[in-house]
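Written below as structure tokens is the structure these notes are about.
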Amino acid sequence: MFLAIDIGNTNITLGLFEIKGKKVLPGAKKVWRLSTIKGQTADEYAAMLMDMFHYSGYDAKIVKHVAIASVVPSLNRVFQELVKNYFRVPVFFVNHKNCGGLKFAAGDPKEAGADRIADAVAAYALYGGGCIIVDFGTATTFDCVDMKGRYLGGAIAPGPAISAQSLSLKTAQLPQVEMKKPAKAIGASTVDCIQSGLYFGYVGLIKEIIARIKKEMKVKTIIATGGLAGLMIGEIKEIKINAPDLTLEGIRLIFEKQRKIK
């Protein structure tokens, strides 16, 4: 089996893929999610991961290959140690060099996050060129791949959770609220007002950035991914596809292109 690990600032997502012959098959057989805790040790993460394997009916010994896309540098060595000690296989990290042949049309490739690289590779492979990937994570990111499969860059905005947290921390009387779709734009309570501002504000932000990107490149497909995608896309008709495991699929595809399955 092949284990893909996406280390994000809020969550760590792990996907277990089947290997047939010398191919990693698309579609994770099992997906797990952990909270990202930057002070956690390799053994502490391993304890949680081994429990998840056990209670899902899998033996960790079946994992023969591991690939990681990380945007938390402080956890890279932690997971490298985890993979070495508990799976006893080499670890492959996605980066601007290990990118499955993705072409960068502008900017410094070193600045591209591993998750955004994986999203771009998966989107082009699965849906073709001329696509925008909107990733609803800790940050809301927009990544653009042109008709030739070249990564053009995109846009980054603070995610709704960061904005909600900032309101609570920087104001004396505004509480931390759950991100959810309100019944209407005019809120009757403080919580309703914050939820309206967050939800409909982000709907507007996403629509505006998509509209401006469309003026700068030919767009055929807009794909959503990330934890809040399901909540947001109902109001954003421009987005036709929700691919929650897009990053894991990108890690899989990049690993296949960069490494030979034995």
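Given (1) crowded, with 16+ Cβ neighbours inside 10 Å; (2) closer than 27 Å to LYS29 by Cα; (3) in contact with a Lys or Arg (Cβ under 6 Å, 6 or more places away or on another chain), identify the lone condition not met by HIS96.
Against the list (1) crowded, with 16+ Cβ neighbours inside 10 Å; (2) closer than 27 Å to LYS29 by Cα; (3) in contact with a Lys or Arg (Cβ under 6 Å, 6 or more places away or on another chain), HIS96 comes up short only on (2).
So that you can scan it fast, the table gives a plain yes or no per residue for (1) at pLDDT 85 or above; (2) loosely packed, with under 11 Cβ neighbours inside 10 Å:
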{"site": "GLN165", "(1), (2)": "no, no"}
{"site": "GLU178", "(1), (2)": "no, yes"}
{"site": "THR190", "(1), (2)": "no, no"}
{"site": "ILE209", "(1), (2)": "yes, no"}
{"site": "MET217", "(1), (2)": "yes, no"}
{"site": "GLY227", "(1), (2)": "no, no"}
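Kindly establish whether LEU49 is surrounded by 14 or more Cβ atoms within 10 Å (Cβ to Cβ), part of a helix (DSSP H, G or I), hydrophobic (A, V, I, L, M, F, W, C) and not assigned by TED's automatic domain parsing to the domain that holds ASP143. Give the derivation first.
On the way: surrounded by 14 or more Cβ atoms within 10 Å (Cβ to Cβ): yes; part of a helix (DSSP H, G or I): yes; hydrophobic (A, V, I, L, M, F, W, C): yes; not assigned by TED's automatic domain parsing to the domain that holds ASP143: yes.
Against the criterion (surrounded by 14 or more Cβ atoms within 10 Å (Cβ to Cβ), part of a helix (DSSP H, G or I), hydrophobic (A, V, I, L, M, F, W, C) and not assigned by TED's automatic domain parsing to the domain that holds ASP143), LEU49 qualifies.
For region 10-35, give me the residue count where each residue is surrounded by fewer than 18 Cβ atoms within 10 Å (Cβ to Cβ) and part of a loop (DSSP other than H, G, I, E, B).
8
Which of the numbered conditions does TYR127 fail, given that it passes all the others? Conditions: (1) in the same structural domain as ASP6 (by TED's automatic domain parsing); (2) surrounded by fewer than 21 Cβ atoms within 10 Å (Cβ to Cβ); (3) aromatic (Phe, Trp, Tyr).
Condition (1) is where TYR127 drops out.
Starting from residues that are touching a Ser or Thr at 6+ places or on another chain (Cβ under 9 Å) and under 23 Å from ILE19 (Cα atoms), keep the ones in region 52-81 and report whichever is surrounded by the most Cβ atoms within 10 Å (Cβ to Cβ).
ALA69
The values are calculated or read from the model by the stated rules, or taken from the named source; none is laboratory data. Quantities reported herein were computed from a predicted structural model and do not represent experimental measurements. Using ideal geometry, Cβ is built from the backbone for each residue, glycine included, and neighbour counts are taken over all protein chains shown.
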